[in-house]
């Protein structure tokens, strides 16, 4: 995975059972861990297995993964 810098704009889309439940635009992040913390905080009311799509506007990378939210 590419690095994340504070000037990057990262779009995160969370899908649960085929429906988009969250769409986030994040910036000012210093690390991938900080990105995941912010995503998990926004999903505090959800439970289950979701699909997380990440796309970095500035660096041009994208990533799709499964995420278990408890």
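Every number in this text was worked out from the coordinates using simple rules, so none of it is lab data. What you see is a predicted model, and the numbers here were worked out from it, not measured in a lab. Ideal geometry is used to build each Cβ from the backbone, glycine not excepted, and the neighbour counts take in all protein chains shown.
Miscellaneous remarks
- Helix-only arithmetic for the chain: the sum of -39500 (n - 2.57) across DSSP H runs with n ≥ 4, divided by the residue total, places the mean residue ellipticity at 222 nm at -5000 deg cm²/dmol.
- Segments 3-10, 18-25 sorted - mean Cβ within 10 Å per residue, highest first: 3-10, 18-25
- Among the listed options (i) 20, 57, 22, 1; (ii) 18, 34, 26, 20, 2; (iii) 19, 49, 29, 3, the one matching P(r) over Cα pairs in 10 Å bins from 0, in percent as calculated from these coordinates is (i).
- Taking the longest Cα principal axis of the chain as reference, the axis of helix 32-42 is set at about 40 degrees.
- Per residue, the average separation of C-alpha pairs within less than 8 Å and at least 6 apart gives the stretch 9-69 a relative contact order of 37 percent.
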